[in-house]
Amino acid sequence: MTRFQRSSGILLHPTSLPGNYGIGDLGDAAYRFVDWLEAQGQTIWQVLPLGPTSYGDSPYQTLSAFAGNTNLISLDRLVDDGFLGERDLFDVPPFPRNRVDFGWIIPYHNQKLAFAFRNFQAIDSGPLRGEYEAFAVEQAHWLEDFALFVALKRQHKLRPWNEWEGDLLRRDPSALASAAEELADDLKLEKFRQWLFFRQWSALKRYANEKGIKLIGDLPIFVAHDSADVWANQREYELDGTGSPTAVAGVPPDYFSPTGQRWGNPLYRWDVMRDDGYRWWIERVKTSLQLVDYLRIDHFRGFEAYWQIPASEATAVTGKWVKGPGAAFFQALEAALGDLPIIAEDLGVITEPVEKLRDQFGLPGMKVLQFAFSDPTNPFLPHNHPVNCLVYVGTHDNNTTRGWWEGEVDDNTRAFVKDYLGQEISDIVWTMARVGMRSSGVVFIMTMQDVLGQGAKARMNTPGKPAGNWTWRFAEADLLHPGKDALLHITRLFQRHPEQQSKVDGDAAVSTK
């Protein structure tokens, strides 16, 4: 049975790792980060969605719910494998070290992967060729459609699939076969790139697991309209005859947004998915669990009820709540996959039916301390935390702790924090880290930005901000920052260190079922 023990970890997307090629990757720096986690007594590494990003660079709007982000492939490891020569990397541009410039790094990485593919094609046989061919067969259920989608998208100058000519838009079998023949080399390149990603990520996961580090992945409930998933499974989405959404996802107006949030993702036709046993979802979760040990499902409440917005509406003001698939969906997942190592992102306005669905399957929820300090009944305050939850000071969508305290906290909230803690605040970062560490919540997750004591400029994402997100990186020297010593100390102090697990009350070992 899958269990969380009392433990702690770090939230860090791999793009934020240091390195020479403009973006964090799955090379030596990733392995050094795993070693750093182990040295600081951390047993969890949480990442954002790992899929291939598109316009806006958001990992929550990807070209596929199955594929990996090939910009994360380590070019140095391709040299080790013989797919690139050292001379192929002599032309590294002066990429910025403290941020990701996606517009600059993507063409560079694509060029190097094309070189690697050219060299790979010269290999007629051997273990690597056999490994690649086995991967292509094992992952064919999504890889064939994804490779053709990417090749066609490139051929159509990156236009969305619903702007392609009708026979390709409608997936006429003869048109698809003709396109696959015409673009055969492009399809092979895409399959090769995905093989490299899965190969490198799987090696990193094995290393992390051997060190006692578990990986938490992130699975958005909805997928991007311009994705291989929607193009290949159009009848499972709320689309019209031209492939355009008739209804889209979002959340209604609330205290934070008077017009709500219109995300724009097409909505599922849950009745159609139910009739085929939730096949696509089962394959999605199964594939995701090849890469991580646990899955955080973003916007979990959408399985109980979701906000349906007419696609013609410019905001989320006009919409309605529609019932989701509910318990039957999770029962189907359990029947197919066994015990579900799933974390429910249950933030926002959560109703009693949503809580009931979460608790029916024993899924841990989330508590965010930046949302806590309003009044004693606030469920995010530590004295209200259940054991079966993951506790954060802030997530990827929040400001850093220092940025929050310096730029977002008003006088009333500041006074409540001081009253609640019974002390003056001299170092907000480690004060809040201690609050999270001593919570009864079974897991505490800290962002790497907070370990390094960084301010608002290090924020990973600002919801609603159209550009400039997802770019933060740290430097190799930051692994020596004194925050590591503070992290190790409070991990031991509040009995979250792996060496202390045998001494921790067994009630703190919480099942995800």
Check your understanding: Taking only pairs six or more apart or across chains, which ones have beta-carbon atoms under 7 Å, a first residue in the range 354-378 that is closer than 30 Å to residue 403 by Cβ and in contact (Cβ under 8 Å) with a residue 24 or more places away in the chain, and a second residue that is surrounded by fewer than 20 Cβ atoms within 10 Å (Cβ to Cβ) and of a type in the set (Lys, Arg)?
Key -> none
**Study point:** Count of residues meeting criterion [farther than 24 Å from residue 280 by Cα, free of Cβ contacts under 8 Å to residues at least 60 places away in the same chain and in a loop (DSSP other than H, G, I, E, B)] in the range 318-329
**Key:** 1
Revision key, fill the gap. Counting only residues in the range 475-500 that are closer than 23 Å to residue 17 by Cα and of a type in the set (A, V, I, L, M, F, W, C), the one surrounded by the most Cβ atoms within 10 Å (Cβ to Cβ) is identified as 487
Study note, to complete from the structure: Residue count, the range 286-317, condition touching a Gly at 6+ places or on another chain (Cβ under 9 Å) and either part of a loop (DSSP other than H, G, I, E, B) or under 22 Å from residue 365 (Cα atoms) (or both), comes to 22
Review point. What is the residue count in the range 337-353 for residues that are crowded, with 16+ Cβ neighbours inside 10 Å and in a helix (DSSP H, G or I)?
Key: 0
Practice item. Would you mind finding the one in 203, 208 that is at pLDDT 95 or above, hydrophobic (A, V, I, L, M, F, W, C) and touching a strand residue (DSSP E or B) at 6+ places or on another chain (Cβ under 9 Å)? Key: 208
Exercise for review: Mind listing just one residue for me: the one in the range 89-101 that is part of a loop (DSSP other than H, G, I, E, B) and of a type in the set (D, E, K, R) and, of those, surrounded by the fewest Cβ atoms within 10 Å (Cβ to Cβ)?
Suggested key: 91
**Study point:** Check on residue 272, surrounded by fewer than 17 Cβ atoms within 10 Å (Cβ to Cβ), among the hydrophobic types (A, V, I, L, M, F, W, C) and in a helix (DSSP H, G or I)
**Key:** yes
Practice item. Go through the range 223-260 residue by residue and tally those that are over 23 Å from the mean Cα position of the chain (by Cα) and among the hydrophobic types (A, V, I, L, M, F, W, C). Key: 3
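Here is a yes/no grid of residues against (1) charged (D, E, K, R); (2) surrounded by 19 or more Cβ atoms within 10 Å (Cβ to Cβ); (3) under 16 Å from residue 270 (Cβ atoms):
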{"site": "289", "(1), (2), (3)": "no, no, no"}
{"site": "301", "(1), (2), (3)": "yes, yes, yes"}
{"site": "316", "(1), (2), (3)": "no, yes, no"}
{"site": "319", "(1), (2), (3)": "no, yes, no"}
**Study point:** Top-ranked residue of the range 460-474 - restricted to ones that are touching a residue at least 40 places away in the same chain (Cβ under 8 Å) and either crowded, with 23+ Cβ neighbours inside 10 Å or of a type in the set (Gly, Ala, Ser) (or both), ranked as nearest to residue 387 (Cα to Cα)
**Key:** 460
Exercise for review: Select, from 356, 367, the only residue that is among the basic types (Lys, Arg), exposed (fewer than 14 other Cβ atoms within 10 Å of the Cβ) and not in a loop (DSSP other than H, G, I, E, B).
Suggested key: 356
**Study point:** the range 28-51, residues that are closer than 11 Å to residue 72 by Cβ and touching a residue at least 60 places away in the same chain (Cβ under 8 Å)
**Key:** 30, 47, 50
Check your understanding: Which of the residues spanning the range 137-173 are of a type outside the set (A, V, I, L, M, F, W, C), exposed (fewer than 15 other Cβ atoms within 10 Å of the Cβ) and within 24 Å of the chain's Cα centre (by Cα)?
Key -> 138, 141
Check your understanding: For residue 189, are the conditions met, namely being surrounded by fewer than 20 Cβ atoms within 10 Å (Cβ to Cβ), modelled with pLDDT of 95 or more and in contact with a helix residue (DSSP H, G or I) (Cβ under 6 Å, 6 or more places away or on another chain)?
Key -> no
Check your understanding: Do you know which of the residues in the range 1-57 that are part of a helix (DSSP H, G or I), among the aromatic types (Phe, Trp, Tyr) and touching a helix residue (DSSP H, G or I) at 6+ places or on another chain (Cβ under 7 Å) is surrounded by the most Cβ atoms within 10 Å (Cβ to Cβ)?
Key -> 36
Review point. Which numbered condition trips up residue 176, out of (1) over 26 Å from residue 444 (Cα atoms); (2) crowded, with 20+ Cβ neighbours inside 10 Å?
Key: (2)
Revision key, fill the gap. Output for Cβ contacts, cut-off 9 Å, separation at least six or different chains, first residue on the phi > 0 side of the Ramachandran plot in the range 261-288, second surrounded by 16 or more Cβ atoms within 10 Å (Cβ to Cβ) and of a type in the set (Val, Ile, Thr), reads 264/248; 264/309
**Study point:** Output for the range 59-88, where each listed residue is in contact with a helix residue (DSSP H, G or I) (Cβ under 9 Å, 6 or more places away or on another chain), free of Cβ contacts under 8 Å to residues at least 60 places away in the same chain and not in a loop (DSSP other than H, G, I, E, B)
**Key:** 71, 75, 76, 79, 86, 88
Practice item. Have a look at 414, 473, 496, 434 and point out the one that is closer than 30 Å to residue 54 by Cβ and basic (Lys, Arg). Key: 473
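The values are calculated or read from the model by the stated rules, or taken from the named source; none is laboratory data. Fair warning: this is a prediction, and the values are worked out from it, not measured in the lab. Counting neighbours? That spans all protein chains shown, and the Cβs are built from the backbone with ideal geometry, glycine included.
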